[in-house]
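Student: Okay, here's the structure, questions in a sec.
Throughout, read-outs are computed from the coordinates displayed, never taken from laboratory work. It should be emphasised that the depicted structure is a prediction, and the values quoted were computed from it without experimental measurement. Every residue, glycine as well, gets a Cβ built from its backbone with ideal geometry; the counts of neighbours run over all protein chains shown.
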Amino acid sequence: MDNEHRARVYTKTGDQGTTSLYDGTRLPKDSDYFQALGDLDELNCAIGLAREFAKKSFASMPESSFVVQNAEALEEALADDRAVTPASFLDQLAEIQQLLFDAGAAVATPPTTTNEGKREKTAWDKKYGDGWPTLLLERWMNSMDSELPPLRNFILPSGGFAGAHIHMARAICRRAERSIVALKQMGLFDQDHVLIFINRLSDYLFVSSRWMSHKSGEPEVQWDIARVTRPRWALEDKK
């Protein structure tokens, strides 16, 4: 592309600390809208990073890691074409990254100041009327969960590089959800199915972090509620 026709990354319009929503409204960059949009962007980056770690982890795994041990679970998974493989898991994360851009577009469209034409372009329900992105997350979760041991206690975020990074993405997802809820409570956001998707996404990220750790052969570290430890200096002070 000729340099004269190349679009510049910088516009300088935000040099004074403001930027625009989809309808053209300019707001300070620390406004509630841009807090939510920033959280969604950070979430997308975290998932992208986790995906790269997962890709690297898969490359070192034996194929036997992806054999479902429970015959009944395998039969159910295959009957519904749901068995999770390295390729399908990476595809899941990539699809979620695409969906997060749609969620960001919806958040960047204020319900009270955007004309109908623009609202239609970013309307989540218009694009995903039957809510299939959320149903897809549930289907993926069910498939992965069928391979996991029962969860009987809280676990510490850990479980290898990929699993730990998915845990980090989960925590960021919860923050993004809180930011969007704040917009809704102020009457600045009205696309409820986006919130439902983000809420379900944090559940998906929790299950997938466990699944990734399980496939990597990394043990889950449970929260030991009865654990009591004292440093030696504290014991000496008691004497």
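Student: Quick one: which residues, 5 or more positions from Ile155 or on another chain, have an amide H under 5 Å from its amide H? H modelled 1.01 Å from N in the peptide plane, none for Pro or chain starts.
Tutor: Under 5 Å from the amide H of Ile155: Trp223.
Student: As an exercise, identify the chymotrypsin sites (Phe, Trp or Tyr not before Pro) in the stretch 89-162 lying in DSSP coil whose Cβ has no more than 10 other Cβ atoms within 10 Å.
Tutor: Filter output for the stretch 89-162: Phe154.
Student: Is the shape of the stretch 156-204 rounded, prolate or oblate, going by the alpha carbon gyration tensor and its root eigenvalues a ≥ b ≥ c, with a/c under 1.5 for rounded and a/b larger than b/c for prolate?
Tutor: Here the stretch 156-204 falls in the prolate category.
Student: Take the cross-link list Lys12/Lys184; Lys118/Lys184; Lys12/Lys118; Lys55/Lys215 and give me the ones stretching past 21 Å between alpha-carbons.
Tutor: Lys12/Lys184; Lys12/Lys118
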